[in-house]
Amino acid sequence: MQAPDLRVEIDLRSGLAPYEQIRRQVVAHVAAGRLRVGDRLPTIRALATDLGLAPGTVARAYRELEAAGVVTTRRRAGTVVSDGVSPTDVAARHAAHELVRAGREAGLSDDEILDVVRGALLHEQPGDGPAAG
């Protein structure tokens with residue numbers, strides 16, 4: 001099923017990369033229920049044309065969404081919203097990918113990155129953090 005009127009807007013003055021703007025907006029549409037399981041996203045080429053971006057930019061956003069489990073790309077069916085992914089899962093997976101990317105850029109090994117996470121888990125108490133009231 002084609003996604004109902006997927007609205008994605010790019011602010012070229014934003015400090016946020018266009019692919020990340022696309023990724024965040026698709027996640028927001030899923031979280032708000034405007035995109036449902038099985039809804040088909042526009043093709044990479046169609047969305048790139050609509051937004052005035054290079055197809056590679058849209059492709060990167062779709063790859064990031066697929067890595068987070070938000071969408072699945074299937075031959076002939078295109079890119080569709082995945083089943084069983086909550087917005088919280090999406091946010092946590094994205095944060096994990098960003099942590100791994102930052103750790104590797106800092107020269108940390110996978111084991112060292114895991115040690116950082118374990119240390120954070122030991123020091124973070126339930127109820128701490130942004131969700132705490």
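What does the extension gain come out to for Val37 and Ala77, with contour length at 0.36 nm per residue minus their alpha carbon separation? If you can, show how the numbers build up before the last one.
Values: separation 40, 0.36 × 40 = 14.40 nm, distance 1.33 nm.
Gain on stretching Val37 to Ala77: 13.1 nm.
Highest first, please rank the peptides 63-71, 30-38 by the mean number of other Cβ atoms sitting within 10 Å of their residues. Walk me through the numbers on the way to the answer.
Values: 63-71: 19.4, 30-38: 14.4.
Result, highest mean first: 63-71, 30-38.
Using only Cα atoms, figure out Rg for segment 16-79 and give it as a multiple of 2.2 N^0.38 Å.
On the way: Rg = 11.0 Å, N = 64, 2.2 N^0.38 = 10.7 Å.
So the Cα radius of gyration is 1.03 times the expected 2.2 N^0.38 Å.
When all protein chains stay in place, what accessible area (Å², nearest 10, 1.4 Å probe) is found for Asp111?
That residue has around 110 Å² of solvent-accessible surface.
Using 0.36 nm per residue of separation minus the Cα-Cα distance, give me the extension gain between Glu9 and Asp110 in nm, one decimal.
On the way: separation 101, 0.36 × 101 = 36.36 nm, distance 3.58 nm.
Residue separation times 0.36 nm, minus the Cα-Cα distance, leaves 32.8 nm.
The values are calculated or read from the model by the stated rules, or taken from the named source; none is laboratory data. Quantities reported herein were computed from a predicted structural model and do not represent experimental measurements. Positions of Cβ are backbone-derived with ideal geometry, glycine not excepted, and every protein chain shown enters the neighbour counts. What goes into the accessible areas is simple: the full protein's heavy atoms, side chains included, and nothing from ligands, DNA or RNA. Shrake-Rupley method; radii C 1.70, N 1.55, O 1.52, S 1.80 Å.
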